[in-house]
Structure formats: C-alpha cells, structure tokens
1. Being part of a helix (DSSP H, G or I), surrounded by 13 or more Cβ atoms within 10 Å (Cβ to Cβ) and modelled with pLDDT under 85: is that true of residue 176 here?
2. With 137, 162 as the choices, which residue is in contact with a helix residue (DSSP H, G or I) (Cβ under 8 Å, 6 or more places away or on another chain), modelled with pLDDT of 75 or more and in a helix (DSSP H, G or I)?
3. Tell me, which residue of region 51-69 that is in a helix (DSSP H, G or I) and surrounded by 15 or more Cβ atoms within 10 Å (Cβ to Cβ) is nearest to the chain's Cα centre (by Cα)?
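The values are calculated or read from the model by the stated rules, or taken from the named source; none is laboratory data. In this text the structure is predicted, and so the values were computed from the model without any measurement. Heads up, the Cβs are rebuilt from the backbone with ideal geometry, glycines too, and the neighbour counts pull from every protein chain shown.
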C-alpha cells in the first residue's frame with residue numbers, strides 16, 4: 001500500500017493509527033493532563049500519527065466491510081493506547097502517594113497545593129516528588145521510549161488482535177497494587193526514620209512527663225524528615241530509574257498478553 005495515495009482505505013488505516021496514538025496521549029502522564037488544552041493534545045496526536053503512519057502501516061490486514069465492525073476495531077485500538085497511557089501514569093501517581101504518606105508523618109498533612117496536572121489538591125511533598133519523577137523521566141528519554149513502544153506495538157500487537165482475557169485483567173490489577181508497593185519502597189527511608197522518631201518521642205514522653213512533647217516533636221519531625229529527604233534523594237532516583245525500566249518491560253509484556261502471546 002502506497003501511503004501517499006489518499007483514498008478511503010488509506011484514510012481508514014490512518015484513523016486506526018490515530019485512535020491508538022490519540023488514546024495513549026489522552027491518558028499519558030504528562031501531556032494527557034487536564035492543564036494541557038485539548039486542541040494541543042489533538043494536534044500532537046494528529047502530527048505524531050502522520051509521522052508514524054508510513055512506518056507502522058506496512059502489512060496491515062484487510063479491513064472489515066461493515067461500518068459497525070470498523071468502529072469496534074477503532075475502539076479496540078483505543079484500548080491499546082489507554083492501557084499504555086494508564087500504566088505509564090501509575091508511576092507518577094506512586095510518587096505522589098509516597099510523598100503524601102511521608103508528608104502526613106512530618107506534619108504536613110494539611111499543607112496542600114493545587115496540582116496543575118490534575119487540578120486537584122495534593123500534598124506539597126507529593127508534588128515535590130512528582131516533579132522529581134517528571135524530570136527524571138525526561139532525563140532518561142522516557143517519552144522517546146514510550147513513542148518507540150507504541151511504534152513497536154504494531155508488531156507485538158497487530159491491528160485488530162487486541163483481546164481482553166483473564167490473565168491480562170489480573171496483570172493490570174497487579175499493577176494497581178504494585179503502585180502502592182512502589183510508593184512505600186520509594187518513601188521507606190523517610191517513613192522508617194520518622195517512625196523511629198515517633199517511637200523515641202513516645203518513650204521520652206513517658207520518661208520525662210514534664211516535657212511538652214508536642215512542641216518539641218513537631219519541629220524535630222520536620223527537620224529530620226526534610227534532612228532524610230535530602231540524604232535519600234540519590235536512592236530515590238536510583239530506585240525510580242529501575243522502576244521505569246520495569247514499567248517499560250511490563251507494558252510490552254501486557255501487549256503480548258493482549259495479543260494472546262502469554
């Protein structure tokens with residue numbers, strides 16, 4: 001098929017490519033946020049589809065003749081993009097959850113800011129860790145990896161081969177639980193240290209009842225918590241880099257499972 005020939009068949013194939021790419025962008029962690037104008041999302045998806053269409057459209061299978069079947073095929077392609085975008089978004093959500101747990105221990109439970117990505121109130125420390133995750137994602141060219149994964153998805157998960165199965169559903173659910181595991185592992189140095197501080201303050205309150213433990217404990221927790229955040233930033237970046245690699249591998253694995261490859 002010569003992609004330069006503008007005909008109905010080429011246009012239909014282009015819509016299928018746009019459906020997969022557009023849904024991924026709509027649910028992606030960065031450009032898919034509500035703070036990005038919808039026109040920008042549509043324009044970027046359209047431009048990316050034009051660039052990738054000549055590469056990925058080679059060897060596409062014949063299209064169904066019925067219009068209803070074609071719309072069903074478009075919906076299945078959109079599900080592929082949604083799966084990629086949602087799994088990618090869970091990593092950044094894990095960072096916000098980690099910062100929120102840590103912030104509550106420090107005493108910043110009511111210190112919230114408006115997240116421009118979701119337009120919701122989030123923990124200030126969670127937003128700080130979210131920004132770190134975004135910067136690292138761009139440093140390691142994670143956006144390039146995602147684009148390459150969706151380009152390779154037409155080889156891993158050919159057009160019209162997406163199927164929902166029980167193993168796929170279990171694996172996606174496992175990723176939802178894995179998000180909380182990642183959040184606790186990333187915040188473990190701060191969470192564990194502050195737990196020791198709380199235990200020490202409790203013992204001190206029992207041995208020295210004259211001391212006002214609330215006046216002493218709050219600034220102490222803030223100092224120790226922020227110091228541990230500064231000390232453990234290298235550990236967080238190292239661990240986060242490893243989880244990014246796991247995320248990219250799992251996305252490929254999920255596509256293979258959706259294609260029936262096990």
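1. Details: part of a helix (DSSP H, G or I): yes; surrounded by 13 or more Cβ atoms within 10 Å (Cβ to Cβ): no; modelled with pLDDT under 85: yes.
Criteria not met by residue 176.
2. Details: 162 fails: in a helix (DSSP H, G or I).
The conditions single out 137.
3. Let us first name the residues in region 51-69 that are in a helix (DSSP H, G or I), namely 51-56, 67-69.
Among the residues that remain, those that are also surrounded by 15 or more Cβ atoms within 10 Å (Cβ to Cβ) are: 52-53, 56.
Values: 52: 23, 53: 25, 56: 24 Å.
Within region 51-69, the match that is nearest to the chain's Cα centre (by Cα) is 52.
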